[in-house]
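Bear in mind that the values in this text are calculations on the coordinates, not laboratory data. Note that the structure is a prediction, hence the values are computed from the model and not measured. All Cβ positions, even for glycine, are placed from backbone atoms using ideal geometry, and neighbour counts span all protein chains on display.
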Amino acid sequence: MPNHLSRREFLKDMGLLGVGVGAGVAAPLGAVEAFGEDWNDKITLIDRPWWVKEVDQPTTEINWEGMQRFNERNTARRGFPKYVGDDEVKRLSDMQAANVKKFVAENKPGYSLRDMALYNADSMVPGTTFLPPAEGILTPEDRGVSRWEGTPEENSTMIRAAMRSFGAATVGFVELYPETTEKLIYSIDPDGKELVFTDDEQPSETETSRFIPRKARWVIVWTVQMSQETLTRAPTPLGAMTTAMAYDRNNFITHRLQSFLKGIGYIGLGEQGINALGIAPAFGAMAGLGEVGRINRLITPEYGPMVRVFKMVTDLPLAPTKPIDAGILNFCKACKTCAEYCPSGALSFDTEPSWDVKGDWNNPGHKAWFENSIACRSYWYEVGTNCGICFSVCPFSQKDKAFIHQMVQATVATTPLFNGFFTDMSRLSYLSKPAGEPQKDTEEWWNLDLPEMGFETSRGHKDV
Ligand code: SF4
Ligand code: SF4
C-alpha cells in the first residue's frame, strides 16, 4: 500500500482544504510554500511523496573529470586480504568462528541456534527437492550444541515468523494421522515415485520411492501471493506470469525452510516439483488458511484465491491450526460468477457441492464443486498459456482494504442473506468485460506502478 500522503491528503490533514475562496485561500498556499518553490513539480515514473522533487544533479557533488572506472577487486569486500594481509585475515576468521561458536553455545540474544539457522538458511538452489540439502548447512551437531527444543506452540510461532520473513503470506499447520490427514499425502508423486510412510528414523529416496518417517507427523502449509492486478489480465501470458513467479518464489521459500529446519536439528521434506507431496487445497483448508470454493481451489479471507499453496512435512512438533469458516463456501452457493465467466464450461453451476466426482482427476471423499479439469486444461492449449479467469473474477480477489469491503466480508462470514446482493454488486463494480476475456487491459499493465512483486505484503497482517 502506498505509504505516503498526496498533496491533497496532506492539506486535508492540515485542515487547509475546503476553506473556500477569498481570505481562506492564502493560508494553504502559504503553508505549501514553506516546503519550497518546486513543491508542485511533476514527478513521473516513480510514485513518490509529493515533497520529493526531481533535480538536475544528485545531492552528492561529482567531479566527473577526477573519476576513473573502478576495479571491483579493490573493494574492501574483495580486496580485504590485500589491505590487511593473509595472516590478519586468518586471525580475524579464527576469531569470528570462535566467537560465533561461543555465542551460539551461550545462547546469546540474537545468536541462538534458531537465529543462526535462520541466517544460514540456504536458498541458492534451483527447483525444489524432497530431501533436504545433504551438505552446506551447519547442524546443531556441527555447532556442538543440542538441537532446538520448544513446545509445539512455540515451534508454530517460530516457523510462522521464519516463513513470513522468507516470503510466505499465511502459514498454518496440520498434524498427520493415518486414518485422516495422512490420506492427503499423494500415493504417487508427479515424477512417478511412490510416497511411502515408514518407521525408519531418517527419510530416504530411491529410484522409485520416497520414504517419509512416521515420526515426521506435521505438515507446514503456506500460501504465496499472486498479483491480483496481474492475474486480472488472464487468460494471457502476462496474466500467467504472476503464477509462474509464485512458484519461483516458493523455490526460495522451500529451500530456506528446509535448511532452517536442518539448522535447528529437524527434518524438512519438501515438494519434489510443482504440486508434489500432497493435495494443496486440502492441506490449506485443514490448516485453516482458507476454504475450498466453487473453483475447487483454496479461497483465503485475506487474498481470496490469489495464492498458490505449498507444504512441507517435518518432525518438528507443531501445534496444528484449526480450519475456518469465513462464509466463503456458503457465498459460493449463491455466487457462481466463476462458472459463468469460465470459457470452457469446466465449473459447476450446482447450488450445492456434491460427493460425486467428475473424473479420475478428482479425489473422492469430500463434498465439493468438482470441476471438469480436462475441459479446463484443453482451453489452456487454446490460449497458449494457463487461464486463471475464475481466480480473477472471484469477488474474494478484489483488492479493497476499505472499511466497506471489510464490512461485506464480515457480513458474508455471519449470514448468507445478502450473498446474492453482494454477488451482483461485485460484478457491477469490478467486472467490465464479457466472459472469457481479460477483465483488464494488458497494455495498461505496463504503465502501472505496482508494489513489489505486484501485491501488498501487509494485507491481512497486523504487525507491520
Ligand atoms: S482456469 Fe479458466 S478454463 Fe479453467 S476453470 Fe478457471 S476459468 Fe475455467
Ligand atoms: S467466483 Fe463466486 S462462486 Fe466462484 S469461487 Fe469466487 S465466490 Fe465462489
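Annotations
- Summed residue charge, Cβ within 12 Å of Val393's Cβ, Lys/Arg positive, Asp/Glu negative: +3
- Relative contact order of the chain: 16 percent, from C-alpha pairs under 8 Å at least 6 residues apart in sequence.
- If you sort the three axes of the alpha carbon gyration tensor as a ≥ b ≥ c, you get a/c of 1.5 or more for the range 56-117 and a/b no higher than b/c, which makes it oblate.
- 5 angstrom amide H check on Ser209, placed H, neighbours 5+ away: Glu194
- Cross-link reach list, aspartates and glutamates versus Lys101, counting only Cα pairs under 18 Å and skipping chain neighbours closer than eight places: Asp115, Glu141, Asp142
- Charge dipole (Cα centre; +1 on Lys/Arg Cβ, -1 on Asp/Glu Cβ; no other charges) of the chain amounts to roughly 440 debye.
- Each helix, a run of at least 4 DSSP H residues, gives -39500 (n - 2.57); summed and divided by the residues of the chain, these come to -10500 deg cm²/dmol at 222 nm.
- Bridge type composition, the chain - antiparallel percent by DSSP, nearest 5: 80 percent
- When both the range 148-181 and the range 62-83 are represented by their alpha-carbon centers, they are found 46 Å apart.
- Cross-link check: pairs Lys183/Lys358; Lys102/Lys311; Lys215/Lys358 evaluated at a Cα-Cα cut-off of 30 Å; pairs beyond the cut-off: Lys102/Lys311; Lys215/Lys358.
- When the alpha carbon gyration tensor of the chain is reduced to an equivalent ellipsoid, its three semi-axes come out at 40, 39, 21 angstrom, largest first.
- The tail of the calculated P(r) for the range 318-387 beyond 19 Å holds 47 percent of all Cα-Cα pairs.
- Convex hull volume of the Cα atoms of the range 255-300, normalised per residue: 91 Å³.
- Rel. contact order, % - alpha carbon contacts under 8 angstrom, at least six apart, the range 215-254: 33 percent
- Overall Cα dimensions of the range 235-346, principal axis frame, Å, largest first: 50, 34, 21
- Normalised by the number of residues in the range 228-322, the mean separation of alpha-carbon contacts (under 8 Å, six or more apart) gives a relative contact order of 26 percent.
- Each 5 Å bin, from zero up to the one with the longest distance, holds this percent of the alpha carbon pairs of the range 309-464: 1, 7, 12, 16, 18, 18, 15, 9, 3, 1.
- Amide H within-cut-off set for Thr198, under 5 Å, with H built and near neighbours excluded: Ile212, Arg214
- Highest-first arrangement of 388-394, 189-195, where packing means the average Cβ count within 10 Å: 388-394, 189-195
- Shape call, the range 117-232: gyration tensor on alpha carbons, a/c limit 1.5: rounded
- Pairwise Cα distances in the range 167-247 exceed 22 Å in 48 percent of cases.
- Cβ-based net charge around Gly79, under 12 Å, with every Lys or Arg adding one and every Asp or Glu removing one: +3
- For the range 204-244, the C-alpha radius of gyration sits at 1.98 times the compact-globule guess of 2.2 N^0.38 Å, with N the residue count.
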